[in-house]
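The next block holds one structure in the form of structure tokens; read it before the comments.
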Amino acid sequence: MNIPKNPIVLLAVSLLVLATTSRIYGADPAAAAAHGNKGNDLAQAAKYDEAIVEFTKAIELSSSDPRLYNDRGRVYRAMSKFPEAMADFDKAIQLAPKSDAGYIERGQTQMSQNKFDEALVDYNKAVELNPTNPICYDRRGFAYYSLKKYDEAIKDYTASIEKVQTNPLTFNRRADAYVGKNDFANALPDLEAALKLKPDDFDTTQRLQYVRAKLATPKPIVQAPAPSPTVAPPPEPMDIRMKIGIGAGALLVLVIIIVIISRRKNRGY
């Protein structure tokens, strides 16, 4: 086979081979990106069915791009089509096993189905793969919170806040974990920080009012039990000799009265 040595001819042949290969294998990154961008725009407009069509076209043109599967999987999740979403995230993980993105998205889909333990497995893997990503800690913290493991949740939210201190949601979530422990004193500064970052947030305002009310509620005063009413002791029984004496005295008085009355009658008055 004679290979042309002219550089211009070589470049033309290379481009022809690349174009032919792209048509054979369906790989067209530029066209795939265009469909993917259109799909993202449609998804943001909540036009999910149309977005799925665009992402599917993008995948057909660039089937080895894990980002496209993650994008389509998020739309399926928004539509509550969890099996389809899980399949897309599984494919994204298969194509990019060293990326935390697929694990984060699959974990989020498990959370949407209240499968908190399964989500925790994916989030643990995401943290392992990318320990500098605050999203990994934030999502895992929510899984711990959902399992009522408040100390672990607080630890993860703290790790996320140490990396990014401008996300009001993370402050809110750590406050929720403190409230779960009835630790309102530590919840208060988190809610104040969240409201400072997002002053018009109604939910944060309501949470803050609730925590302040809890801190302002006085502790109940434990009163001593009321004393039992004093019962007067029964009177002691009278001595028999005293009874006889009283009876004799009364009889004597009665006799005297009778005698006096009799004398008066004898005297005529």
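The values are calculated or read from the model by the stated rules, or taken from the named source; none is laboratory data. Because the structure is a prediction, the values reported are computed rather than measured. Ideal geometry is used to build each Cβ from the backbone, glycine not excepted, and the neighbour counts take in all protein chains shown. The accessibility values were calculated without ligands, DNA or RNA, using every heavy atom of the protein model including side chains. Shrake-Rupley method; radii C 1.70, N 1.55, O 1.52, S 1.80 Å.
Would you say Lys98 is at negative phi and not in a helix (DSSP H, G or I)? Step through it out loud before you land on a result.
Working: at negative phi: yes; not in a helix (DSSP H, G or I): yes.
Against the criterion (at negative phi and not in a helix (DSSP H, G or I)), Lys98 qualifies.
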Notebook entry, point to check: Within segment 170-192, is even one residue under 17 Å from Pro134 (Cβ atoms), among the polar types (S, T, N, Q) and buried (at least 17 other Cβ atoms within 10 Å of the Cβ)?
Noted result: yes
Margin query: Can you find a residue that is under 13 Å from the mean Cα position of the chain (by Cα), assigned to a helix (DSSP H, G or I) and under 22 Å from Met111 (Cβ atoms) anywhere in segment 179-191?
Written below: yes
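Take the residues in segment 108-131 that are assigned to a helix (DSSP H, G or I), of a type in the set (D, E, K, R) and within 18 Å of Lys149 (Cα to Cα); name whichever of them is least open to solvent (accessible area, probe 1.4 Å).
Step one: of segment 108-131, the residues assigned to a helix (DSSP H, G or I) are 108-112, 116-129.
So of that shortlist, the ones also of a type in the set (D, E, K, R) come out as 117-118, 122, 125, 128.
Going one step further and asking which of them are within 18 Å of Lys149 (Cα to Cα), we end up with 117-118, 122.
Working: Asp117: 93, Glu118: 88, Asp122: 8 Å².
Selected residue: Asp122.
Residue-wise test of (1) open to solvent by 40 Å² or more (accessible area, probe 1.4 Å); (2) under 24 Å from Val121 (Cβ atoms); (3) modelled with pLDDT of 95 or more.
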{"site": "Asn40", "(1), (2), (3)": "yes, no, yes"}
{"site": "Glu54", "(1), (2), (3)": "no, no, yes"}
{"site": "Arg72", "(1), (2), (3)": "no, yes, yes"}
{"site": "Ser80", "(1), (2), (3)": "yes, yes, yes"}
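Within segment 36-63, which residues are outside any helix (DSSP H, G or I) and of a type in the set (Lys, Arg)? Steps first, please.
Step one: list which residues in segment 36-63 are outside any helix (DSSP H, G or I), which gives 45-47, 62-63.
Once the filter is applied, which keeps residues that are outside any helix (DSSP H, G or I) and of a type in the set (Lys, Arg), segment 36-63 yields only Lys47.
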